[in-house]
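Down below is the structure, laid out as structure tokens.
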Amino acid sequence: MAAVWLQALKVIPWGTVIDAAPGLAKSARGFFKKTQEAAQAASDSADASPSGADVADPLAAAVRRIAVLESSVAQATQRQQAAAELLDSLAAQNTLLVQAIDTLRKRVQALVVGSIMLAVGWVGTLIWVASIAH
């Protein structure tokens, strides 16, 4: 059983996995940080109450709200781009793992066939030895 696991560990392209891991972790941390900052900024802008000047000049208030909304849309676009890059990186990593699993599946099939052939040969040898002994 241990040999199978050792063989499995040898098939996985660990160099590639290890090389990609820091980039994936950095991207995930950056994405999480940007998401938290954006949520905080949205919360802060939502909590801001209109000042006396905003009440007096509704056009200026509307312009400020439009600017805040444009900024929010730009931040959402950046977060979406970061998420897309992270997903692309994860998809590439997933492809490598699927290839490794496919290789392992083929090796397990070969081992099963070999084990069955060995078992049949062993049983045949036992029958042959038993027939000679009588």
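Any read-out appearing in this document is the output of simple, stated calculations on the displayed coordinates, not a laboratory observation. As the structure is a computational prediction, the values presented were derived from the model and not from experiment. Reconstructed Cβ throughout: ideal geometry from the backbone, glycine too, with neighbour counts over all protein chains shown.
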- [ ] Run the quick spin-label model on A92 and L69: label points 7 Å from Cα toward the beta carbon, then report their separation in nm to one decimal.
- [x] 3.8
Task: Computed label-point distance, nm, for sites K106 and L118 using a 7 Å Cα→Cβ extension - done: 2.1
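What's the FRET efficiency of K10 with Q78 using the Cβ-Cβ distance as r and R₀ = 30 Å, to the nearest 0.05?
With a Förster radius of 30 Å, E is 0.15.
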